[in-house]
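Chemist: Provided herewith is a single structure, encoded as structure tokens, for subsequent inquiry.
The values are calculated or read from the model by the stated rules, or taken from the named source; none is laboratory data. Please read these numbers as outputs of a predicted model, since none were measured by experiment. Neighbour counts are summed over all protein chains in view; Cβ atoms, including those assigned to glycine, are modelled from backbone coordinates with ideal geometry.
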Amino acid sequence: MAKGSVRKKGKKWYYRFYVENESGNLVQKEYAGTESKSETEKLLRKAMEDYEEKKFVAKTENITLGTLLDIWAEEELKTGTLSNGTVENYLLTINRIKQHPISNRKLKSVTSEHLQQFLDLLTFGGTAGEFTSKGYSKDYIHSFSAVLQQSFRFAVFPKKYITFNPMQYVVLRKKSENVDLFTDKEGIDSETTPLTFRQYQELIAYLEKKNRPAILPMQIAYFTGLRLGEICGLTWQDINLEEQYLTVRRSVRYNGARHKMELDRLNGKR
């Protein structure tokens, strides 16, 4: 059990106790309490209990993959330089991984085979416990791969929970698709079916009557393939009329947690 004590400075009491740093040495931490000695002693006991509990969980032999993901999210993901949209996407991905039985495995027992099976399940579909996958798109699975790659790298260094990254041996497999590029049939099975030029013309004609300001973003979207949020983030400085190209530097998105629109910077993505 951690050792602690309280002391009075001025009108206020402070509590302090020893904790173990990353090198295994004991260092003293001090925190402000209240003007009551008994209340401050209660705060000390609670702080030491919390420390002992977290210290037990944080021992390498007790850390699960789910715990690692939580630690990585708090210490690196949320404090890093990624855009708000990417952070939110990765947090949702972490919650999804934690629904799979692999998240309950002790970190040192997670192998490349386990991770390969998990990503294959995402790709081809199937069930593991209560976790079900219908087979997802390559872009969606890339989020899972990125989260696992970065969290395992974080576990190797700086955390030193493990000595190597098992994700380095995992590959993203592709579903075989037999598609007739020259079929005359309508309604081809596809996740996204782009508008034909005729449909685009019909849409523009409709907007001419109903919502003329929406025509320009629709034109940009159709001829450049930009997302709506990226179009809304464009300024005149992003448009090079002489060389005929756009530079996407930001994106507008709706933050459901804050119930407002936000502008994400994309670090010069083109």
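Chemist: Mind checking which residues of the range 102-126 are part of a helix (DSSP H, G or I) and surrounded by 18 or more Cβ atoms within 10 Å (Cβ to Cβ)?
Modeler: Kept after step one, since they are part of a helix (DSSP H, G or I), are these residues of the range 102-126: 102-104, 107-109, 112-124.
Within the range 102-126, Ile102, Ser103, Leu107, Leu115, Phe118, Leu119, Leu121, Leu122, Thr123 qualify.
Chemist: Which ones in the range 67-83 are among the polar types (S, T, N, Q) and part of a helix (DSSP H, G or I)? Quick ask: steps written out before the conclusion?
Modeler: Initial filter on the range 67-83 (among the polar types (S, T, N, Q)): 67, 79, 81, 83.
Passing the criteria: only Thr67.
Chemist: Further question: Just give me the residues in the range 137-179 being surrounded by 11 or more Cβ atoms within 10 Å (Cβ to Cβ) and of a type in the set (Ser, Thr, Tyr), in sequence order.
Modeler: Ser137, Tyr140, Ser143, Ser145, Ser151, Tyr161, Tyr169, listed by residue number.
Listed here are the residues, each with its yes/no results for (1) at pLDDT 90 or above; (2) surrounded by 12 or more Cβ atoms within 10 Å (Cβ to Cβ); (3) within 30 Å of Ser145 (Cβ to Cβ).
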{"position": "Val6", "(1), (2), (3)": "yes, yes, no"}
{"position": "Asn21", "(1), (2), (3)": "no, no, no"}
{"position": "Gln28", "(1), (2), (3)": "no, no, no"}
{"position": "Gly33", "(1), (2), (3)": "yes, yes, no"}
{"position": "Tyr51", "(1), (2), (3)": "no, yes, no"}
{"position": "Asp70", "(1), (2), (3)": "yes, yes, yes"}
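Chemist: Would a scan of the range 130-149 turn up a residue that is out of contact with any strand residue (DSSP E or B) (no Cβ under 8 Å at 6 or more places or on another chain) and farther than 21 Å from Asn89 by Cα?
Modeler: yes
Chemist: One residue is enough: does the range 207-217 have a residue meeting the conditions under 27 Å from Glu88 (Cα atoms) and not assigned by TED's automatic domain parsing to the domain that holds Leu91? Quick ask: steps written out before the conclusion?
Modeler: The first filter runs over the range 207-217 and keeps only residues under 27 Å from Glu88 (Cα atoms), leaving 217.
Now restrict to residues that are not assigned by TED's automatic domain parsing to the domain that holds Leu91: 217.
Checking the range 207-217: at least one residue is under 27 Å from Glu88 (Cα atoms) and not assigned by TED's automatic domain parsing to the domain that holds Leu91.
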